[in-house]
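Let me begin by handing over the structure; questions about it come next.
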Amino acid sequence: MKSEMTSVDVAAIVSEFNTDTMTLIDAKIGKIYQTGEDEIRLTLNIYQQGRHHLVIRAGKRIHFTQYPRPAPKLPGPFPMLLRKHIISGRITQISQYDFDRIIEITIIRAGIITKLIIELFSRGNIILTDSQSRILQPLKPVSFKDRKLRRGEIYELPPPQISPLDISTGSLTSIFNESQSDIVRTIATRLNIGGVLAEEVCLRAGIDKHATANEVSDLDGLQVAINEVFNPIKKGELEPQIVIKEGKNIDVIPFGLRQYQNLEILQFKSFSQALDEYFNEGVKPAALQEIAIEKKEGMLERRLRQQHDAIEKFTKQQAQLKAKGELLYAHYQTVEEILKIINDARQHFSWDEIKHRLKNADNPQAKLIGSIDPSTGTLSLVLDEVHIDVNINLSVPRNSQVYYDKAKKTAKKRSGALSALTMTQDLIKKRDKNHDKDRLSGKRGKVKVKPRWYDRFRWFESSDGFLVVGGRDVSTNEDVIRKYMEKRDVFFHTESPGSPAVVIKTQGKEVPQTTLQESAQFVISNSSVWKSGRIEGDCYWVTPDQVSKTPEPGEFLPRGSFVIRGKRNFMKTTVDAAVGIQTKGNTRLVGGPTSAVRKLAEYMIEVEQGEFNQSDIAKKIYKLFVDKVGDRQFVKSIASPDKIAMMLPPGNSRIKKK
């Protein structure tokens, strides 16, 4: 079983973190926690994606997680230093160093650049440096023979690794001529790809992996096999999956391998999600239980529990202090004799001499003295197996009074905590009463919306109940065509640049004219037509067998592009867009053409081309929804400004007046 990420995995996750859908670029850094000896967790606010938890475990892995481990109540020195330097900073770059298991995250805050360097090899480390590569703090300060990872030192990168992503036949010739090992070991170690992928290369090249390296004659064929294996990373076309054998997860990989084709495969939308599921397989239930308890216990309940704990603590302290004061009176004569002996000795001997004499003394009073603190003149006495500190400059009654005074102060703290507890209980009662009122008045409170596969795309549900899905960018256009378009669907596009690839998911049903019309409005409204301010445009629809990813001979087809062959069915229509909140059947935010939204939503707001950017108009719509629904918490959970912005056409808009 894989226990850590390989260099190939690092290349894949860095590639994914630089895509439009999973980008870390411009993410804002929130709280930072150290959740284990070698593990930290960064809370990131990502534009139009909300808050995410990025977990980094030195020497092992880096990915987003749905199962964040509970953070300690008191942060350690390393996360505190990270907070000091990078909290509220923005990530400007994430890269892999020379196909090694080293990731560099560049952060800027208030014009100051720092780098978070993650070492995922060997025991691993996490290092914060300044822009000049001077170490501000490592997670684990260590010194090697030729390398120091300590504060103030210059961070030095290890020697560069050979990358299989751009290996040449000439480089392979040199590697194989120098090797004394077999083919599979030579590829695994010299190309830094590990045994599994080395075997995959041999399998695809059709060569015996056990043959010695200098026996290989077809290096061109070997290079073709290497390129074939690693093309998904080069092209950004990952197929993340977990490999399962006999009911157990045995590997997590960013793309499919022939050697696993007869095993059970569990596919994921992102490599980060696959890594999270794979590495957290054994700890998910415990982590989820912790999160569930934390969510169940609200702020007021948590405060109430802390106040109960404080009252219990003060009650115990008060009783102990009072008991010590009474114990001094109970041993009045003995304590008085001890104080007299020590004060008399101070007239003739040093503290060291007194300690020496007491150590060798055989009288019962000396045996009651546990220790002496010369700096404060305090004796620690053991009376009835209870340790009590007394000041040699005070009498027995005054020493006793010190404990009574402390007991009174503790009693006042306990009284204050009791008052605070009563106030918290009143607040909980008031809150619960308001919740009951909200329930009776129809207010819903926070609602959890189950995520759907099409949430990352543009989408709407037509008046006739058909799901219509479109891309947001080059990457998601590619996904719509390659992964989700079926032969029975209908494909929409425009002649204008910047148009989404739109698919009507027919499920084998005949598509009515109303759905075709709404799909045309949807593709036009989400194209450059809206941005340009024009109110109408042309689009067309075709069947999926007319859409091809194969260019004409001699031509090049960029990623996200496609070729249409055969007759196109053109339609001319106007722009039209609205967003709404659906509460009957499904509780969710919906968008699309007005006729489609009106069919589903109880609350609807139409938009038109205008002067406000997506973020500003989304905030205005959110406020209107709050006013319409009358339940801020409900609206925020269904239709926050970020979610509304994802439903709006690209470009500037305004609320349509009626």
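Read-outs: derived from the displayed coordinates by stated rules, not from any lab. Everything numeric in this text was worked out from a predicted model, so none of it was measured. Please note: Cβ atoms are built from the backbone with ideal geometry, for glycine as well, and neighbour counts cover all protein chains shown.
Calculate the length of the line joining the C-alpha centroid of the range 336-377 to that of the range 190-263, in whole Å.
Between the Cα centres of the range 336-377 and the range 190-263 lies a distance of 79 Å.
Let me ask you something else. For the chain, what's the relative contact order in percent, using C-alpha pairs closer than 8 Å and at least 6 residues apart?
8 percent
Can you work out the base-10 log of I(q)/I(0) for the range 302-404 at q = 0.16, 0.20 1/Å, using the Debye formula on its C-alpha atoms alone?
Per q value, in the given order, log10 I(q)/I(0) is -0.71, -0.99.
Another question about this same structure. Under a cut-off of 28 Å between alpha-carbon atoms, report the lysines in cross-link reach of LYS248, not counting same-chain residues fewer than 8 places apart.
The qualifying lysines are LYS2, LYS60, LYS209, LYS269, LYS284, LYS450, LYS483.
When the helices in the chain are scored as -39500 (n - 2.57) per DSSP H run of 4 or longer and the sum is shared across all residues, what 222 nm value do you end up with, to the nearest 500 deg cm²/dmol?
Helix contribution divided over all residues of the chain: -12500 deg cm²/dmol.
Then there's this: Could you give P(r) for the range 7-149, binned at 10 Å from zero, as whole percent values over all Cα-Cα pairs?
Result returned by the calculation: 12, 44, 37, 6, 0.
Right, something else. Can you tell me the Rg and Dmax of the range 453-655, counting just the alpha carbons, in angstroms?
16.9, 61
Over the Cα atoms of the range 477-559, what radius of gyration and what Dmax do you get, in Å?
So, for the range 477-559, Rg and Dmax equal 13.6, 41 Å respectively.
While we're looking at this one, here's another question. Which shape class, rounded, prolate or oblate, goes with the range 169-279 when its Cα gyration tensor gives a ≥ b ≥ c as root eigenvalues, a/c under 1.5 marks rounded, and past that a/b bigger than b/c marks prolate?
Prolate, because a/c is 1.5 or more and a/b exceeds b/c.
Given the Cα-Cα distance of LYS584 and ASP220 and 0.36 nm per residue of separation, how much length would full extension add, in nm?
Taking LYS584 through ASP220 to full extension adds about 124.8 nm, to one decimal.
Picking from TYR404, LEU383, VAL335, whose Cα lies most toward the positive end of the charge dipole for the range 302-404 (charges on Cβ: Lys, Arg +1; Asp, Glu -1)?
Final value for the positive-end residue is TYR404.
P(r) for the range 74-128, please, calculated from all Cα pair distances in 10 Å bins and given in %.
Bin by bin from 0 Å, the calculated values are 24, 46, 28, 2.
Mind putting together the pair-distance distribution for the chain? All Cα pairs, 10 Å bins, whole percent per bin, short to long.
Answer for the chain: a P(r) of 3, 11, 16, 18, 17, 13, 8, 6, 5, 3, 1, 0 percent.
Something else: Which whole-number percent gives the relative contact order of the range 7-149, counting Cα pairs below 8 Å spaced six or more residues apart?
Relative contact order here is 20 percent.
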